[in-house]
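S.K.: Could you have a look at this structure, given as structure tokens, before my questions?
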Amino acid sequence: MDMTGEYRIAAPRDAVWAALNDVDVLEVCIPGCEEIHQDSPTTMTAKVVQKIGPVKARFDGAIELLNIEAPASYTIKGEGQGGVAGFAKGSADVTLEEDGEETVLRYEARAQVGGKLAQLGSRIIDGFAKKMADQFFDNLQSSLEGPTEETGESAEADEDAPTKKGWFGRAKT
């Protein structure tokens, strides 16, 4: 499966680059992420729980950053083992381009699944992958841009609302 996407983020390229390399931000942004650890400057391990169609699995994953040209681009490569559910692996080429005070993030991703997941069919898998990518980048955008001025939403408005960590690792208010 191949996917491409483009997102415009109202933050400087250096801030977007820092967020994409910060495990605290990634833990908040990756849908279903239970934990993520930085093992070296270019490798991480993660535990992610996902339900894809009728299959729910906990994936133990390894992530590696390659072809790093900070703060402009890198390739992120990952593989997750989901036990009897199967496996997922893939990579994405990510580029960041400055556009005034905003950053245009583009990606080209390739993914492959096996085991029970592969039996679900490409339509379900492709739809799920696109949904997860959109959710990740929406979370990243919210982490960097904060609450929208149009709605005036903030964590202070609702004391019971969960806090999100900003790109610098502190809780946002």
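The values are calculated or read from the model by the stated rules, or taken from the named source; none is laboratory data. Only a predicted model underlies this, so the values are computations on that prediction, with no experimental measurement involved. Cβ sites come from the backbone with ideal geometry, for glycine too, and all protein chains shown count toward neighbours. With ligands, DNA and RNA removed, areas are computed over all heavy atoms of the protein, side chains included. Shrake-Rupley method; radii C 1.70, N 1.55, O 1.52, S 1.80 Å.
S.K.: Quick check: is even one residue across segment 160-170 within 21 Å of Gln50 (Cβ to Cβ), basic (Lys, Arg) and modelled with pLDDT of 50 or more?
M.R.: Checking segment 160-170: not a single residue is within 21 Å of Gln50 (Cβ to Cβ), basic (Lys, Arg) and modelled with pLDDT of 50 or more.
S.K.: Can you tell which of Ile9, Ile30 is touching a residue at least 24 places away in the same chain (Cβ under 8 Å), closer than 16 Å to Phe136 by Cα, buried (at least 16 other Cβ atoms within 10 Å of the Cβ) and out of contact with any Ser or Thr (no Cβ under 8 Å at 6 or more places or on another chain)?
M.R.: Ile30
S.K.: Scanning for something more than 17 Å from Ala133 (Cα to Cα), among the polar types (S, T, N, Q) and in contact with a Leu (Cβ under 9 Å, 6 or more places away or on another chain), does segment 42-63 turn up at least one residue?
M.R.: yes
S.K.: Could you grab me the full set of residues in segment 79-136 that are open to solvent by 50 Å² or more (accessible area, probe 1.4 Å), closer than 16 Å to Met1 by Cβ and more than 19 Å from the chain's Cα centre (by Cα)?
M.R.: Answer for segment 79-136, where residues must be open to solvent by 50 Å² or more (accessible area, probe 1.4 Å), closer than 16 Å to Met1 by Cβ and more than 19 Å from the chain's Cα centre (by Cα): Ala118, Gln119, Ser122, Arg123, Ile124.
S.K.: If you don't mind, another one. Taking the condition touching a Gly at 6+ places or on another chain (Cβ under 6 Å) and part of a helix (DSSP H, G or I), does Lys116 pass?
M.R.: yes
S.K.: Which residue, of Ile52, Ile30, Ile68, is in contact with a helix residue (DSSP H, G or I) (Cβ under 9 Å, 6 or more places away or on another chain) and within 21 Å of Ala18 (Cβ to Cβ)?
M.R.: Within the list Ile52, Ile30, Ile68, the selection yields Ile30.
S.K.: Further, regarding this structure: Could you give every pair whose Cβ atoms fall below 8 Å, whose first residue belongs to segment 45-70 and is closer than 14 Å to Gly115 by Cβ, and whose second residue is open to solvent by less than 40 Å² (accessible area, probe 1.4 Å) and of a type in the set (Asp, Glu), counting only separations of at least 6 or pairs across chains?
M.R.: none
S.K.: Name the single residue that is most open to solvent (accessible area, probe 1.4 Å) among those in segment 45-57 being modelled with pLDDT under 95 and of a type in the set (D, E, K, R).
M.R.: This residue is Lys56.
S.K.: Still on this structure, I have one more. Just checking, how many residues over segment 58-71 are open to solvent by less than 50 Å² (accessible area, probe 1.4 Å) and among the hydrophobic types (A, V, I, L, M, F, W, C)?
M.R.: Matching residues across segment 58-71 total 3.
S.K.: One residue is enough: does segment 143-152 have a residue meeting the conditions surrounded by 14 or more Cβ atoms within 10 Å (Cβ to Cβ), touching a Ser or Thr at 6+ places or on another chain (Cβ under 6 Å), modelled with pLDDT under 90 and of a type outside the set (A, V, I, L, M, F, W, C)?
M.R.: Yes, some residue in segment 143-152 is surrounded by 14 or more Cβ atoms within 10 Å (Cβ to Cβ), touching a Ser or Thr at 6+ places or on another chain (Cβ under 6 Å), modelled with pLDDT under 90 and of a type outside the set (A, V, I, L, M, F, W, C).
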